[in-house]
1. Filter segment 131-158 down to the residues that are within 16 Å of ligand 2 (Cβ to nearest atom) and touching a helix residue (DSSP H, G or I) at 6+ places or on another chain (Cβ under 8 Å) and list them by number.
2. Quick check on segment 87-121: of everything there that is buried (at least 18 other Cβ atoms within 10 Å of the Cβ) and among the charged types (D, E, K, R), which residue is farthest from ligand 2 (Cβ to nearest atom)?
3. Could you list all residues from segment 38-71 that are surrounded by 17 or more Cβ atoms within 10 Å (Cβ to Cβ) and assigned to a loop (DSSP other than H, G, I, E, B)?
4. What is the one condition in (1) more than 16 Å from ligand 2 (Cβ to nearest atom); (2) among the acidic types (Asp, Glu); (3) in contact (Cβ under 8 Å) with a residue 60 or more places away in the chain that ASP261 does not satisfy?
5. Are any of the residues in segment 72-79 part of a helix (DSSP H, G or I), in contact with a Ser or Thr (Cβ under 9 Å, 6 or more places away or on another chain) and basic (Lys, Arg)?
6. Of the residues that make up segment 196-209, is at least one closer than 23 Å to SER350 by Cα and either within 16 Å of ligand 1 (Cβ to nearest atom) or part of a helix (DSSP H, G or I) (or both)?
7. Please find, among ALA306, ALA285, ALA290, the residue that is touching a helix residue (DSSP H, G or I) at 6+ places or on another chain (Cβ under 9 Å), within 16 Å of ligand 2 (Cβ to nearest atom), outside any loop (DSSP other than H, G, I, E, B) and not aromatic (Phe, Trp, Tyr).
8. Taking the condition of being crowded, with 24+ Cβ neighbours inside 10 Å and among the hydroxyl-bearing types (Ser, Thr, Tyr), how many residues in segment 179-207 meet it?
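The values are calculated or read from the model by the stated rules, or taken from the named source; none is laboratory data. Owing to the predicted nature of the structure, the values given are computational and were not obtained by experimental measurement. Neighbour counts are summed over all protein chains in view; Cβ atoms, including those assigned to glycine, are modelled from backbone coordinates with ideal geometry.
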Amino acid sequence: MDKLVDSIIITKPDDWHVHFRDGEMLDAVIFDTVKQFSRAIIMPNLSEPITTTNMAKNYRHRILDSLARLKKNNQISKESSFTPLMTLYLTDNTKPEEVLNAHSSGFVFAFKLYPAASTTNSTAGVSNLFENCREVLEKLQYIGMPLLIHAELPDKNIDIFDRERFFIDKIMTPLRRDFPDIKLVFEHVSTKEGVDFVMEDTGPIAATVTPQHLIYNRNSLFSGGLNPHLYCLPILKAEEHRKAILKAVFSGSARFFLGTDSAPHIRSLKENRCGCAGCYNAYNAMALYASIFDENNSLDKLEAFASFNGPDFYGLPRNRDFFVLHRKENIIPDMLEIGKIQLIPLGAGSTINWCI
Ligand code: NCD
Ligand code: ZN
């Protein structure tokens, strides 16, 4: 592709990892995702986690209602279609039958594994996967439903920068040994070891990649002062890890695809004595991805990453409509105010070369 093109047209992308939250926050953030993506995998870590197909059904209705309000207010066109792909939150007590319910519902597309106490709203997560969830894992493998993994070992004695690496040895490797055919998604991969695991694994596996793990390293967290808006989990890693993620994504491997992990927390909970983990990047996610791909002369790899590899892995059709990105220098706003909600977008105040 000509490096100096001033716009690109790609197949409409999907976001394979997003946090929509609920209530007022859902209403505040849904537009940013809908304006760029056709479908999104909706994370189930609400304050009351979405653990059953019935809960997912109700949550899906709340999302569709929020979408209907956008249409009613003419914020999106009446014809615009957006499909939320629901997920269930795995717990120590998830019944194997729930996998069958989920599968036959037609609107649940995956289970999410949060190791207990690993990240936001994960206290109800899994405390011992191999002791408590074997039958569920067997069912997932049998049915071919993906298990999405927050791949960090939540052990206070393990350095926060090493928690992904330790998780691979402690959980991913035995998981693959015992379940050779289970479909796995290594969510928001953040280390070289994570990338290598995904590249070398012998079963069905993929990884989602966020804009923040492509653009920033751990120095960015402290550049000019402590920046709470770059604090997410898994935490940003050293430059060698960012380089490894870039290399994997630009290799053209179909095992890596777009998952923003857009995780909104109101400004006062980020700029706080004990700030929440999560970056709000949905505001201009596609522009952020395009800019980092462009900087690395890899714009020609963007469409497969954003629009093909995800649906191919999930066994869903690729989108048929198109999406345009323009090369135009623009400054990311310092803050977004949506009604009473203040959010700081990823990269606030910085200049990027692409816009949506
Ligand atoms: C996410 C959130 O806030 O829900 N936070 C984050 O830092 N990424 C949870 C998660 O995906 O870990
Ligand atoms: Zn997430």
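1. PRO146, LEU147, ILE149, ALA151, GLU152, PRO154 - these are the residues of segment 131-158 that are within 16 Å of ligand 2 (Cβ to nearest atom) and touching a helix residue (DSSP H, G or I) at 6+ places or on another chain (Cβ under 8 Å).
2. My answer is GLU98.
3. Hits for segment 38-71 are SER38, MET43, PRO44, ASN45, LEU46, PRO49, ILE50, THR51, THR52.
4. (1)
5. Going through segment 72-79, the residues part of a helix (DSSP H, G or I) turn out to be 72.
Applying the additional criterion that residues be in contact with a Ser or Thr (Cβ under 9 Å, 6 or more places away or on another chain) yields none.
For segment 72-79, residues part of a helix (DSSP H, G or I), in contact with a Ser or Thr (Cβ under 9 Å, 6 or more places away or on another chain) and basic (Lys, Arg): absent.
6. Yes, that holds for at least one residue.
7. Values: ALA306 fails: within 16 Å of ligand 2 (Cβ to nearest atom); ALA290 fails: within 16 Å of ligand 2 (Cβ to nearest atom).
Of ALA306, ALA285, ALA290, the one residue that is touching a helix residue (DSSP H, G or I) at 6+ places or on another chain (Cβ under 9 Å), within 16 Å of ligand 2 (Cβ to nearest atom), outside any loop (DSSP other than H, G, I, E, B) and not aromatic (Phe, Trp, Tyr) is ALA285.
8. Residues of segment 179-207 that are crowded, with 24+ Cβ neighbours inside 10 Å, as a first pass: 184-191, 194-195, 197, 206-207.
Okay, now just the ones that are also among the hydroxyl-bearing types (Ser, Thr, Tyr), so 190-191.
Result for segment 179-207: 2.
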